[in-house]
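Engineer: One structure follows; several queries about it will come next.
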Amino acid sequence: MYQSNSSNDFYTVKKNNPKIMKTSDFAITLLVDQTPGEVFRAINNVRGWWTEDMEGNSKKMNDEFTVRFFDDIHVSTQKLVEVVPKKKVVWLVTKSQLNFLDNKKEWTGTKIRFELAENDGKTQIHFTHLGLVPESECYKDCSVGWKRYITGSLLPLITIGKGMPELKPTT
């Protein structure tokens, strides 16, 4: 199952049609066969699904990590502010430098949340970028990016053990 919200266009890919709820923050919900423990480990493996160009740690409470995309187009630092094994991970974006925007610090102070729940023997993953709302300058581009990384990289990491993170630039 995959559902997404982006400024008033909702879509679902599933055999039976799940209920879709509108929220203003960008969100995606997935349903996978893997256990909450397996999903939790995959989410915390940021290098395995988001970007290989990462410094720091992303495993436990108060860990901090910085990610870079395309050298310096997107640089952001996240701090793990809520960690409940097999249930929830929340990152606070403490610094952002989004050089493709007028407001380069737009992500600073936003939160990225992954919530896990068991659902009929499967694990539901609810991803929300709190503060990434349709009024944000980055909403259109960032929601496309999140869809790509969550469904095109995190999901395969969870389901087949291989994500498709952004590669670290070679020099």
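The values are calculated or read from the model by the stated rules, or taken from the named source; none is laboratory data. Since we're looking at a predicted model, the values are computed, not measured. We place every Cβ from the backbone using ideal geometry, glycine too, and count neighbours over all the protein chains shown.
Engineer: Is it the case that region 126-139 has a residue that's in contact (Cβ under 8 Å) with a residue 40 or more places away in the chain, within 16 Å of Ile28 (Cα to Cα) and over 16 Å from the mean Cα position of the chain (by Cα)?
Structural biologist: Yes, region 126-139 contains a residue that is in contact (Cβ under 8 Å) with a residue 40 or more places away in the chain, within 16 Å of Ile28 (Cα to Cα) and over 16 Å from the mean Cα position of the chain (by Cα).
Engineer: Sort out which residues of region 128-146 are part of a strand (DSSP E or B) and either in contact with a Pro (Cβ under 7 Å, 6 or more places away or on another chain) or surrounded by fewer than 21 Cβ atoms within 10 Å (Cβ to Cβ) (or both), and write them in order of number.
Structural biologist: Result: Thr128, Leu130.
Engineer: Just to be sure before I move on: is Gln97 within 25 Å of Lys162 (Cβ to Cβ), assigned to a strand (DSSP E or B) and modelled with pLDDT of 95 or more in the structure I sent?
Structural biologist: For Gln97, the condition - within 25 Å of Lys162 (Cβ to Cβ), assigned to a strand (DSSP E or B) and modelled with pLDDT of 95 or more - is not met.
Engineer: Scanning for something surrounded by fewer than 18 Cβ atoms within 10 Å (Cβ to Cβ), more than 17 Å from the chain's Cα centre (by Cα), farther than 19 Å from Trp146 by Cβ and at pLDDT 95 or above, does region 64-76 turn up at least one residue?
Structural biologist: No, there is no match, as no residue in region 64-76 is surrounded by fewer than 18 Cβ atoms within 10 Å (Cβ to Cβ), more than 17 Å from the chain's Cα centre (by Cα), farther than 19 Å from Trp146 by Cβ and at pLDDT 95 or above.
Residues are listed down the side, and each one gets a yes or a no for (1) buried (at least 19 other Cβ atoms within 10 Å of the Cβ); (2) outside any loop (DSSP other than H, G, I, E, B); (3) among the β-branched types (Val, Ile, Thr):
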position	(1), (2), (3)
Asn62	no, no, no
Val81	no, yes, yes
Leu92	no, yes, no
Glu106	yes, no, no
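Engineer: Report, by residue number, each residue of region 29-56 that is of a type in the set (Ser, Thr, Tyr) and in a strand (DSSP E or B).
Structural biologist: Thr29, Thr51
Engineer: Please tell me if Ile112 is buried (at least 17 other Cβ atoms within 10 Å of the Cβ), outside any loop (DSSP other than H, G, I, E, B), touching a residue at least 12 places away in the same chain (Cβ under 8 Å) and in contact with a His (Cβ under 9 Å, 6 or more places away or on another chain).
Structural biologist: yes
Engineer: Right, another one. Looking only at region 110-122, count how many residues are under 20 Å from Val46 (Cβ atoms) and either of a type outside the set (S, T, N, Q) or out of contact with any strand residue (DSSP E or B) (no Cβ under 7 Å at 6 or more places or on another chain) (or both).
Structural biologist: 6
Engineer: Is at least one residue of region 67-87 more than 28 Å from Val32 (Cα to Cα) and without any contact (Cβ under 8 Å) to a residue 12 or more places away in the chain?
Structural biologist: No, because not a single residue in region 67-87 is more than 28 Å from Val32 (Cα to Cα) and without any contact (Cβ under 8 Å) to a residue 12 or more places away in the chain.
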